[in-house]
Amino acid sequence: MADHHGTPTHPKARKEHRCIYCGGPILVGEQYVQQEGFYDGAPYRNRYHAECYETCADECSYYGEWEFSPYNGEYPERVKAVVDQRRAAADAALLGA
Ligand SMILES: [Zn+2]
């Protein structure tokens, strides 16, 4: 079957997901970008932060194809804040143990 990339949808997260681009958490209640399709004969479903999808689209249009290394992108500021906060909480839990 030929590759097929569906039109992205913008659902609201009912549980936490992981952004395929930056690897950061997509929080419950957050509106994210979901894209489904077929690639190399296998169905895929990618989820992105709205910002990450835009960044990715920018970069991919620069290179002329939709390709990137998953979980390698930069966190958007607000996501970085969440990750830092969780990391600090995890460290605090470890220190307190
Ligand atoms: Zn992201």
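The values are calculated or read from the model by the stated rules, or taken from the named source; none is laboratory data. If you're wondering where the values come from, they're calculated on a predicted model, not measured in any experiment. Counting neighbours? That spans all protein chains shown, and the Cβs are built from the backbone with ideal geometry, glycine included.
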Candidates Glu77, Glu30, filtered to the one that is at pLDDT 95 or above, within 13 Å of the ligand (Cβ to nearest atom) and surrounded by fewer than 14 Cβ atoms within 10 Å (Cβ to Cβ):
Glu77
Can you tell me which residue is farthest from the chain's Cα centre (by Cα) among those in segment 59-97 that are over 24 Å from Glu16 (Cβ atoms) and outside any helix (DSSP H, G or I)?
Ala97
Output for segment 1-51, where each listed residue is among the aliphatic types (A, V, I, L, M) and either under 13 Å from the mean Cα position of the chain (by Cα) or part of a loop (DSSP other than H, G, I, E, B) (or both)
Met1, Ala2, Ala13, Ile20, Ile26, Leu27, Val28, Val33, Ala50
